[in-house]
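The structure that follows is given in the form of structure tokens.
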């Protein structure tokens, strides 16, 4: 336990008695025998949504005191996308597929270029532990609100298994997330580089084009081999090599050559 959390576990309470002790304290509070003590419910597991690439994006972390509310802004992953599926997840794993799906719904919006549509997603857990999810199309202000199941009524056995699995697979989960994020970066970078090369045409030397083509090949090869280190190295090098290219593109546009 110390290796995982960096601190000694609290062993002051008997593990078979803590639930009964908590129930006794709560009963005493309700009866008025105990005062100035408040017992707070918390979320047993993290809550979030699935994002592009199958990642788990946490909005409400585990052990957050309820009632609570949290939100985040999301955008469209593809050009001319007309809707977004909101898949609500509960769990501690990095990838959406390894967590529990509490429900899903879709919110529609007007077609827009990639990254231009804006959808705000808000989670709210009331005092009874019921989760409500609101998605808002920022452009129109139109809301879609869905009530989910209780976010706190989860068996101790299920929580323990989820936590145990998250610890057991922690390193491979982090590697899979990092590889997925690197692939998403490649999916965004490669089309942008190709567009810049096409627009600049004769302003890019053959040697420069050959170097860029070689790095693109390395990126595609690293993705196929699922080599995170090679993928990161090739992406960083392509980013460095194409930085002057981006500056020349901006300059050409400002001078009216394009």
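The values are calculated or read from the model by the stated rules, or taken from the named source; none is laboratory data. Predicted model only: the values in this text are computed from it and were never measured. Here Cβ is always computed from backbone atoms with ideal geometry, including for glycine, and neighbour counts include all displayed protein chains.
Given the range 94-195, what strands (runs of 3 or more DSSP E) lie entirely inside it while holding 3 or more residues that are more than 17 Å from residue 47 (Cα to Cα)?
By residue number, 100-108, 142-150.
Another question about this same structure. What do you reckon, is residue 91 at pLDDT 95 or above and on the phi > 0 side of the Ramachandran plot?
It is true that residue 91 is at pLDDT 95 or above and on the phi > 0 side of the Ramachandran plot.
I've got another one for you. For the range 85-95, name all the residues that are buried (at least 20 other Cβ atoms within 10 Å of the Cβ) and more than 18 Å from residue 147 (Cα to Cα).
91, 92, 93, 94 - these are the residues of the range 85-95 that are buried (at least 20 other Cβ atoms within 10 Å of the Cβ) and more than 18 Å from residue 147 (Cα to Cα).
Listed here are the residues, each with its yes/no results for (1) outside the structural domain of residue 97 (by TED's automatic domain parsing); (2) in contact with a helix residue (DSSP H, G or I) (Cβ under 7 Å, 6 or more places away or on another chain); (3) surrounded by fewer than 16 Cβ atoms within 10 Å (Cβ to Cβ).
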{"position": "163", "(1), (2), (3)": "yes, no, yes"}
{"position": "166", "(1), (2), (3)": "yes, no, no"}
{"position": "191", "(1), (2), (3)": "yes, no, yes"}
{"position": "199", "(1), (2), (3)": "yes, yes, yes"}
{"position": "247", "(1), (2), (3)": "yes, no, yes"}
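Quick one: is residue 98 under 21 Å from the mean Cα position of the chain (by Cα) and either within 26 Å of residue 79 (Cβ to Cβ) or not assigned by TED's automatic domain parsing to the domain that holds residue 54 (or both)?
Judged against the criteria, residue 98 is not a match.
Sticking with this structure for a sec: Could you tell me how many of the residues in the range 226-245 are surrounded by fewer than 15 Cβ atoms within 10 Å (Cβ to Cβ) and not in a helix (DSSP H, G or I)?
Selection size over the range 226-245: 1.
Hey, can you tell me all the residues within the range 77-93 that are closer than 20 Å to residue 188 by Cβ and either part of a strand (DSSP E or B) or touching a strand residue (DSSP E or B) at 6+ places or on another chain (Cβ under 7 Å) (or both)?
84
What about residue 72, is it in the same structural domain as residue 133 (by TED's automatic domain parsing), assigned to a strand (DSSP E or B) and at pLDDT below 95?
no
Right, here's the next one. Among the residues of the range 46-69, which ones are more than 15 Å from residue 97 (Cβ to Cβ), assigned to a strand (DSSP E or B) and free of Cβ contacts under 8 Å to residues at least 40 places away in the same chain?
58, 65
Residue check: is residue 67 surrounded by 15 or more Cβ atoms within 10 Å (Cβ to Cβ) and modelled with pLDDT under 95?
Criteria not met by residue 67.
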